[in-house]
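Below is one structure, written out as structure tokens; the observations come after it.
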């Protein structure tokens, strides 16, 4: 199933440009950061002070000659992350070494981190739960890795950890790896498995993976920005909204043919027409995989749905949330909360109701690393909540995933 291998192929797409010749003038980059980030950011000092920012940058400048370029870049990113804006970050990808990534695709379920994909030479790892790396418990490793990005909540950790754990450079940085080979401790079929693994390029030709059988509805079209289906047997209208962009509101920086993007205006009309022309028992709006974009188109649809009395009632309208719900998707979830009687079901979100966003970017002058920053503050709740907690929390286990169950949709259908 193509949709499920996006996570496991993430690192196979990273560019490797190891830079260890110290040609970068980090002092120049640090001085530039001191001026440009506070000047352009909406409000950098919402969590920590200006003095904190300058002092910590100066501390990095004093010791930067002791570290590799990668390590200096990580230290700068850790500093930026400590100021609490998950939208503001230094892009570390140019320093990631493609040859130092473990060939394991991990997924986080309610019963742990599981190996969902690997290479054929490591096939024994498939369907095993990761417990330790080089004798270090996964919780310890995750705690350290979570300092690399601003983590608003536990959902943010669940979202990021499967992507960062396989990166040996991060493991080395925190002292969890120092040898050419990495020892994994796993649990599989009730037994403990000790396994030595080496970096290996994982691609479509050598990848093996655990796929759900059958493939649940929620995974069938995750690459589409938005789509819908009538579940005839249950008389339920299922809508999945995966991207807050369209022909009318293309992705930021999009350079292709806009006319080839799907039209949300047409989708909006088709959704409303279908609801008005049918008496569905339930309408399900699934945004669990939506990482954001432009919230406006979703808001306009939700405004119209709120005027349709036959679905804007408790028990008729459901919204599915998840750890990947972020940024503009959070705004749309709050639209449902504020405008409708929708019941929220699923996981807590990585995005929070009141958040910074509307990102712009600039490049550091010497390293040429790109830094994205927030230019706007979105307030959608009176209280400063760290996440959106659904009315009904439902998390999937690895066994449910493997056997093709979506416990969230299954629960909704039973109501």
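Read-outs: derived from the displayed coordinates by stated rules, not from any lab. The model shown is predicted, which means the values in this text are computed figures rather than measured ones. Virtual Cβ from ideal backbone geometry, glycine too; neighbours counted across all protein chains shown.
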Completion exercise
Rounded to one decimal in nm, the spacing of the 7 Å Cα→Cβ label points at residue 278 and residue 399 is 3.4
Exercise for the section: Could you check what % of the DSSP bridge pairs in the chain are antiparallel, to the nearest 5? Expected result: 70
Fill in the blank from the handout: Expressed to one decimal in nm², the mean projection of the alpha carbon convex hull of the chain is 21.0
Exercise for the section: Given the options 356, 261, 344, state which has the largest fluctuation in a GNM of the chain using a 10 Å cut-off (strictly under) for Cα springs. Expected result: 261
Exercise for the section: Express the C-alpha Rg of the range 204-281 as a ratio against the empirical globular expectation 2.2 N^0.38 Å, rounded to two decimals. Expected result: 1.39
Fill in the blank from the handout: In nm, the gap between the two label points placed 7 Å beyond Cα toward Cβ at residue 181 and residue 206 is 1.7
Handout entry: Top of 325, 295, 367 by mean-square fluctuation, Gaussian network on the chain, Cα under 10 Å
Key = 367
Handout entry: Within the chain, helix-based [θ] at 222 nm, where runs of 4 or more DSSP H residues each add -39,500 (n - 2.57), nearest 500
Key = -8500 deg cm²/dmol
Completion exercise
Share (percent) of C-alpha pair distances in the range 26-95 greater than 19 Å works out to 27
Problem - Modelled FRET efficiency - R0 35 Å, residue 47 with residue 270, Cβ distances, 0.05 increments - result: 0.20
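Tell me, 334, 202, 46 in order of fewest to most beta-carbon neighbours within 10 Å?
46, 334, 202
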Handout entry: Footprinting exposure proxy for 204, 288 (fewest neighbouring C-beta atoms within 10 Å first)
Key = 204, 288
Exercise for the section: Choose one answer from 338, 278, 91: the residue with the largest mean-square fluctuation in a GNM of the chain with alpha-carbon springs under 10 Å. Expected result: 278
Practice task
Could you work out how far helix 296-305 tilts from the main Cα principal axis of the chain, as a 0 to 90 degree angle to the nearest 10?
Solution key: 30
Practice task
Could you check what % of the DSSP bridge pairs in the range 306-415 are antiparallel, to the nearest 5?
Solution key: 55
Practice task
Assuming R0 = 25 Å, can you tell me the calculated FRET efficiency for the pair residue 147 and residue 193, based on Cβ-Cβ distance, to the nearest 0.05?
Solution key: 0.30
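Apply the a/c threshold of 1.5 to the C-alpha gyration tensor of the range 101-209 and tell me whether it is rounded, prolate or oblate.
Note, shape of the range 101-209 comes out rounded.
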